[in-house]
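Taking it in order: structure first as structure tokens, then the write-up.
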Amino acid sequence: MAGYAKEAFTSPKGNMKWAFITGDGRKDKFSIVISVPETEAKDAMAAIDLFWKENKPKQSKPRPKSTGYKFEEDEETGERTGNVYFSFSTGTAFPSGDKKVVKVFTAKKPVREVSLGAKKVGEGSIGRAIGSLAIFEYEGTYGTTLYLDAISLSKFVEYVGGVDASDVEEDEDAEDIDLGMEAVEASDVQEETPEEPADVPRT
């Protein structure tokens, strides 16, 4: 990518989706999507389009292979929902092998850098992605892409994975299935006293 244009870029504030910014990321990448209403995304989209127009390689086609943003579409109808996705990503390691870190900041003044620890950014979180806008080349095609360096949080909702009985839709026509296990209520389960955690160095 040497020689191609690159500049700082921050997304508009929006809903954070599919955030993989800690640990091993996802598929060897840290990534996040910011969902923004179209009316609030226009300036950012225009800035990306202008960047392509002014910096596209001479050998490229008039239209970019991808832009770093796309209009959200309803899965069933294929119609636009009124939101725009800005997709940011970066590798989890530098060419040297050193681990990359996606920094996390609070958006409220005074701005502070914080550590999520073992927590993950979940649906309902609101904020911005911070990084850079760049021209990319891939197998003879060109476009613009958004690289991720940091996020700023206006609202944090922790991701909680897993499924329990409350997530299962009841079916009145279901068969009475006996797997040889007695059903118990949550109130019947005895709580265990957690073991004393090992000392962990604080950062």
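The values are calculated or read from the model by the stated rules, or taken from the named source; none is laboratory data. Just so it is clear, the structure is predicted and the values come from calculations on it, not from any experiment. FYI the Cβ positions are ideal-geometry reconstructions off the backbone, even for glycines, and counts take in every protein chain you see.
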Check your understanding: If you take just the strands (runs of 3 or more DSSP E) that sit entirely in the range 56-116, which of them hold at least 2 residues that are in contact (Cβ under 8 Å) with a residue 12 or more places away in the chain?
Key -> 69-73, 80-91, 103-106
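Considering each residue of the range 119-138, count those that are of a type in the set (Ser, Thr, Tyr), surrounded by fewer than 19 Cβ atoms within 10 Å (Cβ to Cβ) and modelled with pLDDT of 95 or more, and give that number.
Summing the residues that are of a type in the set (Ser, Thr, Tyr), surrounded by fewer than 19 Cβ atoms within 10 Å (Cβ to Cβ) and modelled with pLDDT of 95 or more in the range 119-138 gives 1.
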Point to revise | Enumeration of residues in the range 72-106 that are in contact with a Ser or Thr (Cβ under 8 Å, 6 or more places away or on another chain), surrounded by 14 or more Cβ atoms within 10 Å (Cβ to Cβ) and over 24 Å from Lys29 (Cβ atoms) | key: Thr106
Point to revise | the range 1-50 - residue that is β-branched (Val, Ile, Thr) and touching a residue at least 40 places away in the same chain (Cβ under 8 Å) and, of those, surrounded by the most Cβ atoms within 10 Å (Cβ to Cβ) | key: Ile34
Check your understanding: Residues in the range 33-55 that are farther than 14 Å from Thr145 by Cβ and not in a helix (DSSP H, G or I): how many?
Key -> 4
